[in-house]
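The values are calculated or read from the model by the stated rules, or taken from the named source; none is laboratory data. The structure presented is a predicted model; accordingly, all values stated were derived computationally and were not measured. As a convention, Cβ positions derive from the backbone with ideal geometry for all residues, glycine included, and neighbour counts pool all protein chains shown. Only protein heavy atoms, including side chains, enter the accessible area calculation; ligands, DNA and RNA are left aside. Shrake-Rupley method; radii C 1.70, N 1.55, O 1.52, S 1.80 Å.
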Amino acid sequence: MRRLPIYILLDTSKSMEGEPIESVKVGLETLTTTLRSDPHALETAHISIITFGSRARQVVPLTDILSFQPPDIRAWGSTPMGGALSLVADRIRDEVRKSTPDQKADWKPLVFLMTDGIPTDHLDSGVAELRKVKTGMVVACAAGPNADKDLLMRITENVVSLDTLDNASISAFFKWISASISATSQKVDLGKQDNKGDDGATLEDLPPPPPEINLH
Amino acid sequence: MKTVKTRAKTVKTRAKTANTRTKTVKIRTKTANTRTKTANTRTKTTNTRTKTANTRTKIVETKTISGKTIAFEAIHFASGGMKDVHYTTDKANVVAFFRDPVDRRGMERLKSIVGPYREGIFQNDGGEYWSELFRWPTDIVEHGGRVGVVVPAYEPHFYFKTGSIDNDTLNIKGKEKQGKWFSTCRNHNKLLHPEERGDWLSRIRSMIRVSRAVRRMHAAGLAHSDLSHKNVLIDPVSAKACVIDIDGLVVKGKHLPDVIGTHEFIAPEAVATSHLDRNDPKRVLPCPVTDQHALSVMIYMHMLLRHPLRGGKKHHDDPATDESLAMGKRALFIEHPRAHSNRVKPKQLRPEERKWGDPDKIPYTISGPYLTPLFKRAFVDGIADPRARPTPGEWELALMRTLDMIVPCAPGCDMGWHVHDGSNRPRCPSCGHGHSNQVPLLEVHSKRGSRHTPNGTRIAVWNKKSLFRWHADSEFVPNERLPVDMWGRVGYMQFHAGQWFIKNLGMEGMRNVSEDCEIPVGEHVFLKPGQILLLSPGERGHLVHVKMTNQ
């Protein structure tokens, strides 16, 4: 069975402390619950969580929805976003199955990134690393007033934003990720993933986002 | 709420006072509330928006195009691929609003669906019979710049009662029973609670209903155009099925399809030509023949828990290209008798797929002598030649005949029932169990001219199996045309003190031909090998020859 890999990159820098980080945790729980009740996602979706606060770390390796447990995360340190992008490129290279004479390739991975600030490391080297691997759609979310949407456009043209960093906005974002994964896992189940990569698939291929999420 | 436009009258009412007719609805509301609660306590902040939404439900009141007043909840409870679905206040119906605008042609189609097409099916002979096989739109609503259809709400048995294993670890209690839950090894055999799974008998019965529903649509010249796991609800527990999402009907030369279908179910010729413009004469769009492919795939998946075209063959390094070749231009049956390149590779299977996912262990031929040739026509001949595909009516008949050929298996067997292969030592292909007692088979003969000759059907006998009018006489067929008072049993079979007998409860003129005597209603006859019994003396009455197996 072809798997649909999903990488979720979360900013866990100091500024996320309090309501934002708690909302992210609840968001991950909602995501888990939603996808576990979706018979299409249960068949194909696999999730990995990468956090970036003080340093980029893969807190959950690529895991089947059924065994996936939302990780305990803490807000701490700076915003090494470039490091997180290099790390996800490295993990994709390692974890996503390629086509061999004996094996069908996995679907191209979906990547979701959420940040409330601006990178404290070298973003462009991370972007360059990410370009070296094949991905499906990459979505970056600028959460709250201090995130820089234009900077995120350097990672992907699929940038969304949240006006505020409160529970309502963050939970809306996670619900939308869940809906996007459900829709994609159903489509890939059906073989219609728009696998043109970053420069082909657009946000219009995902379910319409709730009012809390702005498109750019 | 932004969704409520000024034209309509809005009233606030407490959600609790809303008349909740079905249990499932209550369950759903409860879950929604608890979830929000958790979110709130965890984050310490109160999310006022959500709270308002949960404790108070705004109601929209408006008129349908037929002039009826309709009141529905302003907030949708579900969102499908194309529609947002709202409950009416009495929960008997839903209003499903299309998110995209509906153009003039689309509106014409909807009007035909709620009008003449609906009347054609529901207001003819046996019309009432169809109401549980379809959720057919009854009316149209235009509100807030959007167009919606009024559809009867799903019956309660189409929502999970027990849900998944380990005290519903997946939290699916109260959710819709989509076909996908029952048609993959992982979902069905590993994750669903055993109480939700049903058995092979109930799977055959629910597939009879799906076939019958599609047969009826096709008879009216309508193609569903998107038969899939999402658009057919299945309840293996009560053996029911219901075709939903009937708003995209295709009528040749009149209503064109909006969607190409759902990929696992799209006919190979439609996949292979999907890159062409929709006006290109070579482009294949949904029509009754593509419905026939979808129906065949659905029956295969429900009976065998795997997809007929998803095998080990790799066509391309790019996953999307590979997939569309596998479902389209290079589609090949994984159990093709001669071309073996798409056979399943057992080492690619997950642990829970190793039995049902492997056709070497459970070949499609376990489906018996009536279904096997239809699967062959659908996936060996019908891939390249759509005309070879079985019609829904053929599936319905073959499934009904198969229903009479299955026998119960040992407790704990994951099929529960299996087709009696006609041999002297029938065994279950899944658990390998045989039978401890004799198993009689009744070979059915029909009159041709003045003589009775075998009509190709057999009735496998098991304890307390009922005999119905259609077993005794071809005059009767168990479908929408059979009057309600003709559905009762007219006899049953029982094993008692080492012997099998048939009890006659209502077969007038039943005779034991071997001993030339009548078997009056209320009497019974012991079954002996080679015995000949006449079940009905009518022109289309059946004669059965008794064969004892497992001697």
Sort out which residues of region B:176-211 are aliphatic (A, V, I, L, M), within 15 Å of B:Val237 (Cα to Cα) and without any contact (Cβ under 8 Å) to a residue 40 or more places away in the chain, and write them in order of number.
-> B:Leu192
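Does A:Gly27 satisfy the condition of being closer than 30 Å to B:Phe182 by Cα and of a type outside the set (Val, Ile, Thr)? I'd like the intermediate steps shown before the answer.
Values: closer than 30 Å to B:Phe182 by Cα: yes; of a type outside the set (Val, Ile, Thr): yes.
Yes; evaluated as a whole, the condition is true for this residue.
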Name the residues in region B:287-306 that are assigned to a loop (DSSP other than H, G, I, E, B) and either open to solvent by 10 Å² or more (accessible area, probe 1.4 Å) or among the small types (Gly, Ala, Ser) (or both), would you?
-> B:Cys287, B:Arg306
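How many of the residues in region A:96-123 are closer than 27 Å to A:Asp163 by Cβ and away from every other protein chain (no Cβ under 14 Å)? Working first, answer last.
Residues of region A:96-123 closer than 27 Å to A:Asp163 by Cβ: A:110-121, A:123.
From what is left, the residues that are away from every other protein chain (no Cβ under 14 Å) are A:111-121, A:123.
Total satisfying the criteria: 12.
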Region B:154-168, residues that are in contact (Cβ under 8 Å) with a residue 24 or more places away in the chain, out of contact with any strand residue (DSSP E or B) (no Cβ under 9 Å at 6 or more places or on another chain) and either under 24 Å from A:Leu35 (Cβ atoms) or crowded, with 20+ Cβ neighbours inside 10 Å (or both) | B:Lys161, B:Asp168
Output for region B:169-193, where each listed residue is open to solvent by less than 10 Å² (accessible area, probe 1.4 Å), closer than 21 Å to B:Tyr154 by Cα and within 19 Å of the chain's Cα centre (by Cα) | B:Lys177, B:Gly179, B:Lys180, B:Trp181, B:Phe182, B:Ser183, B:Leu192
Filtering region B:436-463 down to residues that are open to solvent by 50 Å² or more (accessible area, probe 1.4 Å) and in contact with a Pro (Cβ under 7 Å, 6 or more places away or on another chain) yields B:Glu443, B:Trp462
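Condition check: surrounded by fewer than 21 Cβ atoms within 10 Å (Cβ to Cβ), away from every other protein chain (no Cβ under 14 Å) and closer than 22 Å to A:Ser13 by Cα. Does A:Asp90 satisfy that?
Details: surrounded by fewer than 21 Cβ atoms within 10 Å (Cβ to Cβ): yes; away from every other protein chain (no Cβ under 14 Å): yes; closer than 22 Å to A:Ser13 by Cα: yes.
The answer is yes for A:Asp90.
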Please verify whether region A:22-35 includes one or more residues that are of a type in the set (Gly, Ala, Ser) and either away from every other protein chain (no Cβ under 14 Å) or surrounded by 23 or more Cβ atoms within 10 Å (Cβ to Cβ) (or both).
-> yes
Given (1) within 24 Å of B:Asn171 (Cβ to Cβ); (2) at pLDDT 95 or above, index of the condition A:Thr12 fails | (1)
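With B:Arg338, B:Arg330 as the choices, which residue is in a loop (DSSP other than H, G, I, E, B) and either within 14 Å of chain A (Cβ to nearest Cβ) or touching a Ser or Thr at 6+ places or on another chain (Cβ under 7 Å) (or both)?
Values: B:Arg338 fails: either within 14 Å of chain A (Cβ to nearest Cβ) or touching a Ser or Thr at 6+ places or on another chain (Cβ under 7 Å) (or both).
Only one candidate passes the filter, namely B:Arg330.
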Specify the residue that is nearest to A:Gln186 (Cα to Cα); the eligible residues are those in region B:211-235 that are in contact with a Cys (Cβ under 9 Å, 6 or more places away or on another chain) and β-branched (Val, Ile, Thr).
-> B:Val232
On the given criteria, is B:Arg197 surrounded by fewer than 23 Cβ atoms within 10 Å (Cβ to Cβ), charged (D, E, K, R) and more than 13 Å from chain A (Cβ to nearest Cβ)?
-> yes
